[in-house]
Amino acid sequence: MIERKAMATAALRFPMQTPVPPTRQKGIAALASSLFLIVAAISPACAQTADQAWLRPSTMVQRPTISLEPRALGYGIMEQTAVRELTDGNARLLGGSSDSAPGGEKVEAILGTVDEVRRALPDVPIPRDLAPEGYWIYWNGAEDKPSLVIAGADHAGLIYGVFAFLRLIATDHDITQLDLHSAPAFHIRWVDQWDNPDGTIERGYAGRSIFFEGGDVRQDLAPVAEYARLLASVGINGCNLNNVNASPDLLKHDRLQQIARIADAMRPWGVHVALSVAIDSPKTVGGLTTFDPKDSAVKAWWAAKAKDIFDLVPDFAGFTVKADSEGQPGPASYGRSPAEAANTLAAALAPHGLVLYRSFVYNHHLDWTNPKADRARAAYDIFHPLDGQFAPNVIIQTKEGPIDFQVREPVSPLFAGLPHTSQAMEVQITQEYTGQQRHLVYLAPKWREVLDFNFQLNSWDTSTVQAILSGEAFKQPTGGMVGVANVGRDAWLGSPLALANLYAMGRLAWNPGLDPEAIAEEWTRQTISNDDRVVQIVDTMLMDSWPAYENYTGPFGLQTLTDITGSHYGPNVESSERNGWGQWHNADQQGVGMDRTHAYGTRFVDQYPPQVAHLYELPVSTPDELMLFFHHLTWNHPLGNGKSAIQSIYDSHYEGAAKAAEFVQDWTSLKDRIDPKLYADVLPRLEYQAGHAIVWRDAVVQYFHKLSGLPDEEGRAGSYPGRLEAESARLTGYKVIDITPWEDASMGKAVSCGATASEGAEQPASGQALYQGTASVVPNTTQKDGGALAPEGTVPCAADFTFTGKPGVYDIAVQYFDLSDGVAKFSFRLNGQPIAAWSADASLPSHIPNGDNSTRHTIPNIALKPGDFLRVEGIPDGHDRAALDYIELTPNEPSPAASAEPPTPRDTNP
Ligand code: GCV
């Protein structure tokens, strides 16, 4: 173990203690003012502003308006920020100019650090024990002349206090009785961006980078300042700007000068910048012949580079490092350990900068034929033996689970395996494996479960993940939580409801004891409405969304059964098997699940402390949600729920998809209660999700149905009443193709208009062509839903069906594959009359038809009688061959309106 020597705890508590020189402060203050002006001047219609998220005007606050007159006791940049935020926020939320304050007078708001407040107002009962970055909000309630005091333990604390106060107003709390203090549980509360200098974002689902374009930092940094506002409003204090698969270019001096502009833009809100660095930079940027971390020239290079950075960005937060992982360079090239690499960087950054060294290091060329080879073991196997060898300003950053942000994993055992090391937990706000922001998945309940996980060490109270991250459990000086956010230029996260995850990550990093449902309520009240009915419906949707997604994509610890070597989006059950990236579900004709037990399996369980290992060793004590992560069970083996493994899988997929359909109904019930624009923006997303949940359900169910050969007790697997397969239709122009993977299409097949080799083998159609050789020529008509029918003279491909069911009113779903390399067009005819037309213009992953891009168009309320002719026509465009899977006819029954009672308002969350 190295000597944990004199690095002041204060510096580690928060690393950015280096004062910004006064001359630079002036410039920064001027920049901050101009950023405020720019932000205020740009119309919200064309700018990316924080009020597109939760810092928006509230029209629903019930309390009497208050006219606050903020006054800062000090002169720092952040105190000026605090004054402006309070002034603007008060106006935004309450109109701000009214005189109807309690007592009928304007209310002075005094803002300062605790020391400043103590000096200026010796009589106020300021708390003595305010921890760093904490705040105190006090209503100094003399009836005749009330005043508001917001004191920060430091300047950052003051900003957090102002935002906390605004949150109370926006969520409709009484502010005239306040005596509230709060401090963050974690010192490190960062977001990571995986932005590349060219402006792309790895695993970003919201457009291009707000930081970079064409290799440089963007000229327009107004969105960056707005991002800093959003982050500070939920207590986030650091932002790592670039992809952990780091481009070395950003360490060049001219790029660092540009990075300094970003730091200047974020500084007024107390958000400090950090950079991902490639470990081979001394060679690629510095021109050395080696990047061996023990080499003295390499050490000197890093030291000089750190000095260069601190000269430009005096409050630089530090480096994030991904090394020896997924092709990134690392110390292993020289036989050095991660500790040796981390410590070289740490020495260069000491005393103010941190190294967040990621434990996401594993061999992606595993021998999959070896049943004991287990990727889940990697982080612990590599890092646990190094415990105690890391310098004090190194933090080991570990993903929440041992694999990679799957919809469900056990908690990483490494958290308990590094008692002599500061640690941070990495979670993913950007929804890489959880629906890529096209699916509603509120992740706070997942994160809270991890934070609460108890390793059952000596003391129960301090054995939780949150106690480890706060440093309390193992008496470490620092630690925290890092959320991979990947916001972009498209309304931050691309989808309005996805922003609840960014909000929640900040709130949990401040206070990991917060109830995810209460966080959802706070967010909804600020973002959507304070109407109790709206709050109740939206919160229920949010809270149900993660379990629903888990149910239809990867229940019982199977993890997301997605295309693991490709898009990470649609279903592809086999993609995770039989390759070097690690085995995941290990299903065969006899059973399913990875055996990670001590007795028979990979012994991953042994990485947990004995009490926990004991729990996971036997199926009988393993919770159902992790059963197949730890155990290989025969298909008929009962889970804790009493049902067999196979029946549990069938049921959960049907339950999950049904829940996704309910979200559409829930949202529809809010139509007249919320902003029409937001309503219209979210509705088609939820409708898409409901359709894609069915793609997932059918893919996984038919895959395991075929593999196990076991029937579904409910008779659903392999049986789709109302579904008419395209390959069984009478086809004109369309050819039958195999879809890969087969489970992504209903019955494994679809039809494609002029199939290409990459789409699979063409096959003879099984149906009889109704109009053999006489495809109709379609007039150029535009339908009211916006899609165009075939241009005049175009001969479309067609699939014809004859309706033989009961007469009635039906919703008709057309399931097709929407490839992004072209905009195919579809139309639907009933007895020769066009009744719908649409364009396949969605932006979905993959270049071949599969579960990534299988989607549906629903034509509601169509009266049908036996003998009716139904025709789908498709016109390909580019590589989009208008491929069609099936049509499905569902009797249209009116859905009961949601009827739950409004909730009781909650207590305040500090
Ligand atoms: C930045 C997963 C993602 C990669 C990501 C990697 C990581 O494998 O798919 O895009 O790389 O995690 O966290 O380093």
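The values are calculated or read from the model by the stated rules, or taken from the named source; none is laboratory data. Nothing here was measured: the structure is a model prediction, and the numbers come from that model. Please note: Cβ atoms are built from the backbone with ideal geometry, for glycine as well, and neighbour counts cover all protein chains shown.
Here is how the numbers come out for the structure above:
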| item | result |
| --- | --- |
| Flag for PRO410 being assigned to a loop (DSSP other than H, G, I, E, B), buried (at least 24 other Cβ atoms within 10 Å of the Cβ) and more than 15 Å from the ligand (Cβ to nearest atom) | yes |
| Any hit, the range 240-261, residues being touching a Phe, Trp or Tyr at 6+ places or on another chain (Cβ under 8 Å), away from the ligand (no atom under 16 Å from the Cβ) and among the charged types (D, E, K, R) | no |
| Selection status of GLU617, among the acidic types (Asp, Glu) and under 25 Å from ALA548 (Cβ atoms) | no |
| Tabulated pairs, the range 747-760, first over 7 Å from LYS735 (Cα atoms), second buried (at least 24 other Cβ atoms within 10 Å of the Cβ) and modelled with pLDDT under 95, C-beta under 9 angstrom, 6+ apart or interchain | LYS749/GLY760; ALA750/GLU759; ALA750/GLY760 |
| Qualifying residue in the range 150-158 (condition: within 16 Å of the ligand (Cβ to nearest atom) and touching a Phe, Trp or Tyr at 6+ places or on another chain (Cβ under 6 Å)) | no |
| Filter result (at negative phi, touching a helix residue (DSSP H, G or I) at 6+ places or on another chain (Cβ under 8 Å) and within 16 Å of the ligand (Cβ to nearest atom)) within the range 315-338 | PHE319, VAL321, ALA323, GLY330, PRO338 |
| Index of the failed condition, PRO371 passing every other in (1) more than 15 Å from the ligand (Cβ to nearest atom); (2) out of contact with any Asp or Glu (no Cβ under 9 Å at 6 or more places or on another chain); (3) farther than 24 Å from PHE186 by Cα | (2) |
| Pairs, first among the polar types (S, T, N, Q) in the range 720-734, second in a strand (DSSP E or B) and at pLDDT 95 or above, C-beta under 6 Å, six or more apart | THR732/ALA798 |
| Matching residues, the range 367-406, being in a loop (DSSP other than H, G, I, E, B), among the hydrophobic types (A, V, I, L, M, F, W, C) and under 22 Å from THR560 (Cα atoms) | TRP368, ALA373, ILE403, PHE405 |
| Those residues of the range 184-205 which are within 30 Å of GLY513 (Cα to Cα) and within 15 Å of the ligand (Cβ to nearest atom), in sequence order | TRP190, VAL191, ASP192, GLN193, TRP194, ARG203, GLY204, TYR205 |
| Options LEU312, LEU345; residue that is more than 14 Å from the ligand (Cβ to nearest atom) and under 30 Å from the mean Cα position of the chain (by Cα) | LEU345 |
| Residue match in the range 429-450 (condition: within 16 Å of the ligand (Cβ to nearest atom), crowded, with 21+ Cβ neighbours inside 10 Å, under 23 Å from LEU514 (Cβ atoms) and among the small types (Gly, Ala, Ser)) | no |
| Criterion violated by ASN245 - all others in (1) under 19 Å from the mean Cα position of the chain (by Cα); (2) surrounded by 24 or more Cβ atoms within 10 Å (Cβ to Cβ) satisfied | (2) |
| Subset of the range 153-209 [of a type in the set (Val, Ile, Thr) and more than 22 Å from the chain's Cα centre (by Cα)] | ILE159, VAL162, ILE169, THR171, ILE175, THR176 |
| Top-ranked residue of the range 413-428 - restricted to ones that are within 16 Å of the ligand (Cβ to nearest atom) and touching a helix residue (DSSP H, G or I) at 6+ places or on another chain (Cβ under 7 Å), ranked as farthest from PRO555 (Cα to Cα) | ALA424 |
| In the range 526-553, the residues that are in a loop (DSSP other than H, G, I, E, B) and either within 16 Å of the ligand (Cβ to nearest atom) or among the β-branched types (Val, Ile, Thr) (or both) | ILE528 |
| Criterion violated by ASP324 - all others in (1) within 30 Å of ASP624 (Cα to Cα); (2) among the charged types (D, E, K, R); (3) part of a loop (DSSP other than H, G, I, E, B) satisfied | (1) |
| Filter result for LYS299 (more than 16 Å from the ligand (Cβ to nearest atom) and out of contact with any Phe, Trp or Tyr (no Cβ under 9 Å at 6 or more places or on another chain)) | yes |
| Qualifying residue in the range 563-574 (condition: surrounded by 23 or more Cβ atoms within 10 Å (Cβ to Cβ) and assigned to a helix (DSSP H, G or I)) | yes |
| Subset tally (residues that are within 15 Å of the ligand (Cβ to nearest atom), among the β-branched types (Val, Ile, Thr) and within 16 Å of VAL465 (Cβ to Cβ)) for the range 374-407 | 2 |
| Residue among ALA274, ALA228 that is small (Gly, Ala, Ser), under 21 Å from LEU356 (Cα atoms), away from the ligand (no atom under 16 Å from the Cβ) and buried (at least 24 other Cβ atoms within 10 Å of the Cβ) | ALA228 |
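Okay, residues lined up against (1) buried (at least 21 other Cβ atoms within 10 Å of the Cβ); (2) touching a strand residue (DSSP E or B) at 6+ places or on another chain (Cβ under 8 Å):
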{"residue": "GLY112", "(1), (2)": "yes, yes"}
{"residue": "PRO122", "(1), (2)": "no, no"}
{"residue": "PRO127", "(1), (2)": "no, yes"}
{"residue": "TRP139", "(1), (2)": "no, yes"}
{"residue": "THR171", "(1), (2)": "yes, no"}
{"residue": "ILE175", "(1), (2)": "no, yes"}
{"residue": "PRO197", "(1), (2)": "yes, yes"}
{"residue": "PHE212", "(1), (2)": "yes, yes"}
{"residue": "ARG218", "(1), (2)": "no, yes"}
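Each row is one residue, and each column tells you yes or no for (1) more than 24 Å from PHE212 (Cα to Cα); (2) within 16 Å of the ligand (Cβ to nearest atom); (3) in contact with a Leu (Cβ under 8 Å, 6 or more places away or on another chain).
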| site | (1), (2), (3) |
| --- | --- |
| VAL465 | yes, no, yes |
| GLU472 | yes, no, no |
| GLY479 | yes, no, yes |
| VAL484 | no, yes, no |
